[in-house]
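The values are calculated or read from the model by the stated rules, or taken from the named source; none is laboratory data. Here the structure is a predicted model, which means the values were calculated and not measured. Because the Cβ atoms are built from the backbone with ideal geometry, glycine has one as well, and the counts that use them run over all protein chains shown. With ligands, DNA and RNA removed, areas are computed over all heavy atoms of the protein, side chains included. Shrake-Rupley method; radii C 1.70, N 1.55, O 1.52, S 1.80 Å.
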Amino acid sequence: MNSTGMITPQSSRKEVVSWAIYDWANSAFATTVIAGFFPIFYGNYWREGISPAQSTAELGNLNSIAGLLVAISAPLLGAIADRGAKRKIFLLLFSWMGAAVTAALSGVPQDGYAMAGLFFVLGVIGFLGANIFYDSMLVDLSRGRSSDKVSALGYAMGYLGGGVLFATNVAMVLHPEWFGLADKSAAVKTSFLMVGLWWFIFSLPLALFVKDGHKDAPPIGEAVRQGVRQLVETFRELRLYKPVIVFLVAYWLYIDAVDTIIVMATKVGLDIGFKDTDLITALLLVQFIAFPAAIAFGFIGQKLGTRNGIYLALGVYVIVCIWAWRMNETWEFFSLAALIGLVQGGVQSLSRSYYSRLIPPDKSVEFFGFYNMLGKFAALLGPFLVGQVALLTGRAQNGVLTLIIMLVAGGILLSRVREENVVKV
């Protein structure tokens, strides 16, 4: 049933699967490019000869520029798309731009660090911008279905797809001769081309089979004007959406801790003295464990309740933090990677589905703009706390304990969201 009280048809299985396959498509960018090869290749190839500290700072600036641009524009983009009912068009524009510039990275010469940086920023903008509209489609697609299961299917497909291509790309880099490639640099460049093609090809099911809203779309100019007015109105009316505000604050706290664990795990492992190959293997382990685990959390959310499923995941993360604090053996790192894989997709998918039931359906893209904006500002407080405690104590692992505070605080705030305001599906 929609916001006007009219019964809306259940989305088809083809639409749901086509929507989920897009997560398979774009997760290759997150794994192979963002988490995998670009940070290493940027410093060792395009910026060869400068200090590691300078290349790290430049890479951080590139990520910050892209994230800030998306975070600032996300609510407005969402409001415009809500008024124009063109969320699929916006999604495809962002994603195909991201796929194109990712493929173009394969042709950047060794001295072309400025071009590589520009393509990377545009790729991240394409990835994050498309996700605003992708997430918002969950509201329509889950009508008549369990939003927990639909959301979990998307994350599961993402972990599997990203893991499959990343495993292939890692094999290419470790053994370029197996694939007829000259060296590791050629393998990395070929990987960028493969990610761009993968992203584009597997976005086609969504483009072909997922319906684009149900409203009559005004001309783009009028949609922009209406979107601006809607955004201003929403800011004025936020006090009417107290459950949304409480959830967003809770989400920001615990997802900041979750994202910090993701982005700091490799650094902590290196500080302890683990090998690069162990860290890559652990990253692959997370991807493939997270695939079935994300699907399982869809059932957990349905059986135990979405909020209880989130609590379960947060509890596991607390255990991860305590274990990471005392970790000193390689087998422990792999065990922690397995634990993270079990709950990472779950906390993400259940948070998304829970939020989709709190927001007004006719403003879903705009509200997911706020959601994704907070997601981009995640992993800010956590890394700062971890770094400062590590600096003060001289041990990186001590900083991980600070994340427990954020996980617990986020869980407490989540308990303050009034359940009666959640739309039952």
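Rounded to the nearest 20 debye, the dipole magnitude of the stretch 61-197 is 480 debye, with +1 charges on Lys and Arg beta carbons, -1 on Asp and Glu beta carbons, and the Cα centre as origin.
Residue ranges 300-309, 340-349 sort as 340-349, 300-309 when ordered by packing (mean number of other C-beta atoms within 10 Å per residue, highest first). Ordered from highest to lowest accessible area with the whole protein assembly present and a 1.4 Å probe, 189, 211, 184 read as 211, 184, 189. Take the Cα of residue 239, step 7 Å toward its Cβ, do the same at residue 208, and the gap between the two points is 5.1 nm. Residues in the stretch 321-337 carry Karplus couplings, in order, of 4, 5, 5, 4, 5, 10, 5, 8, 10, 4, 4, 5, 4, 5, 5, 5, 4 Hz; the curve used is 6.51 cos²θ - 1.76 cosθ + 1.60 with θ = phi - 60°, and Gly or Pro positions show x. Sorting the segments 19-29, 172-182 by their mean number of nearby beta carbons within 10 angstrom, highest to lowest, gives 19-29, 172-182. Counting Lys and Arg as +1 and Asp and Glu as -1 over every other residue whose Cβ lies under 13 Å from the Cβ of residue 309, the net charge comes to +3.
Local charge for residue 330 was computed over the other residues whose Cβ lies under 11 Å away, with Lys and Arg +1 and Asp and Glu -1, and equals -2. Spin-label pair residue 193-residue 331: with each label point 7 Å from Cα along the Cα-Cβ axis, the two points sit 4.4 nm from one another.
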